[in-house]
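The values are calculated or read from the model by the stated rules, or taken from the named source; none is laboratory data. What you are looking at is a predicted structure, and each value in this text was computed from that prediction instead of being measured. FYI the Cβ positions are ideal-geometry reconstructions off the backbone, even for glycines, and counts take in every protein chain you see. Ligands, DNA and RNA are stripped out before the accessible areas are found, and what is left, the full protein with its side chains, is counted by its heavy atoms. Shrake-Rupley method; radii C 1.70, N 1.55, O 1.52, S 1.80 Å.
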Amino acid sequence: MDASDGAGKAAVRQSFTVTVTDGEVPVITAPCGQGAPRDAGSNTARLYATSLGSVTDNSGTTPAITYAIGGTPLAGAYAFPIGVTTVTMDASDGAGNAAVQQSFTVTVTDGEVPVITAPGAQSASTDAGANTATLDVTSLGSVTDNSGTT
């Protein structure tokens, strides 16, 4: 700061510091719920969830969003299981202001039918003194499914 009086005498120059702080939190915009069919022959669907959603901040620099499932961070494509999974989103700006956490769901559907394999032809002799044969056929066939359960 400079000042002088009417006689032209200058005051001793003084200075002061102005500190500007950023107290505004970033704003995360989560995507709507995502749906994906499972990958062929698998019980998961690979999805790049970390490219979904956005964040804005008053600082002029866009903060990075961190994505997690149950506290486990995500990076790149993630193999989502059949069913509904919640993904959380967090972000902080350079001033340390944390955004309000947001979340979205990923629903993976299973449209693949199970495959039954029948056994080959079976033969059995009649039971003694009877005109029928006892044969346990419950373990002869098999079934497979992409869901991971039999």
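Could you state the accessible area per residue of the chain in Å², with a 1.4 Å probe and every protein chain left in place?
Ligands and nucleic acids excluded, the result is 68 Å² per residue.
I want the local charge near residue 40. Using Cβ-Cβ distances under 14 Å, sum +1 for each Lys or Arg and -1 for each Asp or Glu among the other residues.
My count for the surroundings of residue 40 gives -2.
At a 10 angstrom cut-off on C-beta neighbours, averaged per residue, how do the peptides 62-70, 8-16 rank from highest to lowest?
Per-residue mean Cβ counts within 10 Å order the peptides as 62-70, 8-16.
Distance in nm between label sites at residue 126 and residue 98, each 7 Å beyond Cα in the beta-carbon direction?
Rounded to a tenth, the inter-label distance reads 8.0 nm.
Of 43, 3, 29, which is farthest towards the positive pole of the stretch 1-50's charge dipole, taken about the Cα centre with +1 and -1 on the beta-carbons of Lys, Arg and Asp, Glu respectively?
43
Starting with the highest mean, order 86-93, 23-30 by the number of other Cβ atoms within 10 Å, averaged over the residues of each peptide.
Final packing ranking: 86-93, 23-30.
Could you point to the residue in 99, 143, 59 farthest towards the positive end of the chain's charge dipole, with +1 and -1 charges on the Cβ of Lys/Arg and Asp/Glu respectively?
59
Using Cα pairs closer than 8 Å and at least 6 residues apart in sequence, work out the relative contact order for the stretch 12-150, in percent.
So the answer I get is 26 percent.
Go from 0 up to the bin containing the longest alpha carbon distance in the stretch 12-150, width 10 Å each, and give me the % of pairs per bin.
Going from the shortest bin to the longest, the percentages are 10, 24, 18, 13, 11, 9, 7, 4, 2, 1, 1, 0, 0.
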